[in-house]
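Okay, so here's the structure we're looking at.
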Amino acid sequence: MVLSHFVRQHGDVVLPGRGDHECQRGLQHIGPKVFIGASDYRIYCIEGSTGQTLWRYQSGGYIYSSPAVGDINADGKAEVIFTSEDGRLYALDAHSGTLLWRFTTRTALFSSPVLADLTGMRYLR
């Protein structure tokens, strides 16, 4: 994976100090797909080998957290979980970026979500 592919103009992800929209925290990947939040209120899915933006999802606030990726609903497909300064926890389909659900809290969220298999069913990857 070449991080220089992330440096884009015209709305794509830009690394810290390299443009208007900084990547705020860490990134997460599953296979060749890289997931990263940015200061433009979006989370991005990027093809790691080419840097192409596959999809982006607009939240209601800065995304300071690193996303978590795993199969949280045992459907055999990965989901992307992240928090936002807008006080919401989001779950997106990792393939399409479609919103599956969101949970609203009473305060801004800055920490990264953690996924754990508490049932022993091994749904998480």
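Structure summary
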read-out	value
Amide proton proximity set for G60, modelled H, under 5 Å, gap of 5+	D86
Ranked by how many other beta carbons lie within 10 Å on average, peptides 43-49, 108-114, 92-98 from highest	43-49, 92-98, 108-114
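Read the figures in this text as sums done on the coordinates, not as results from a lab. The structure displayed is predicted, hence computed values, not measured ones. Note: ideal-geometry Cβ built from the backbone for every residue, glycine included; neighbour counts use all protein chains shown.
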